[in-house]
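**Student:** Below is the structure I would like to discuss, written out as structure tokens.
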């Protein structure tokens, strides 16, 4: 079963444990990847607003509760697949889950329930290449396609293409 701590460490390496306020970022101000626009009630903003830095435990607890638990990360057999799903859900929760559901062939309802977890864990049996690699390659391709569509629809978002595509490619590492 997958473990949260390595997934969190990988996420922090991707997001950076820092404050960011890029005007082109639709999430607006972020800290360690937590978007103020999407999570205005996050307790960590109290530290930022006071001129401080949220303790890493506050960030860790947020990601564990908001994302890891929701994707049932601890029930996924593959650490690599769980980490990819976790990271992509942080980037866009709805798309992250739905793209994984498309890859593993279940109804795309945007919720990770027992059927989605079973399909993720059983995907390797119906694919003819390494189980993890097959799921991760398809998942990476799905996100690359999504990022391309975002940039084609809104040219201001193209500035994020290199980072987004690097993130999608890290899925298969």
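The values are calculated or read from the model by the stated rules, or taken from the named source; none is laboratory data. Note that the coordinates shown come from a computational prediction; the quantities given were computed from them, not determined experimentally. Quick reminder, even Gly has a Cβ in these numbers, built from the backbone with ideal geometry, and neighbours come from all protein chains shown.
**Student:** Can you pull out the helices (runs of 4 or more DSSP H) entirely within segment 1-84 that have at least 2 residues that are crowded, with 18+ Cβ neighbours inside 10 Å? Walk me through it before giving the result.
**Tutor:** Working: elements: 4-15, 44-49, 56-63.
The helices (runs of 4 or more DSSP H) meeting that bar are 4-15, 56-63.
**Student:** Also, quick follow-up: Being at pLDDT below 95, assigned to a helix (DSSP H, G or I) and in contact with a helix residue (DSSP H, G or I) (Cβ under 7 Å, 6 or more places away or on another chain): is that true of residue 141 here? Let's see the steps before the verdict.
**Tutor:** Values: at pLDDT below 95: yes; assigned to a helix (DSSP H, G or I): yes; in contact with a helix residue (DSSP H, G or I) (Cβ under 7 Å, 6 or more places away or on another chain): no.
No; evaluated as a whole, the condition is false for this residue.
**Student:** Something else now. Residue check, residue 157 against (1) part of a helix (DSSP H, G or I); (2) surrounded by fewer than 19 Cβ atoms within 10 Å (Cβ to Cβ); (3) free of Cβ contacts under 8 Å to residues at least 40 places away in the same chain; (4) touching a helix residue (DSSP H, G or I) at 6+ places or on another chain (Cβ under 6 Å), all met but one. Which one?
**Tutor:** The one condition residue 157 does not meet is (3).
**Student:** Restricting attention to segment 103-127, report how many residues are part of a helix (DSSP H, G or I), touching a helix residue (DSSP H, G or I) at 6+ places or on another chain (Cβ under 7 Å), modelled with pLDDT under 90 and surrounded by fewer than 21 Cβ atoms within 10 Å (Cβ to Cβ).
**Tutor:** Summing the residues that are part of a helix (DSSP H, G or I), touching a helix residue (DSSP H, G or I) at 6+ places or on another chain (Cβ under 7 Å), modelled with pLDDT under 90 and surrounded by fewer than 21 Cβ atoms within 10 Å (Cβ to Cβ) in segment 103-127 gives 1.
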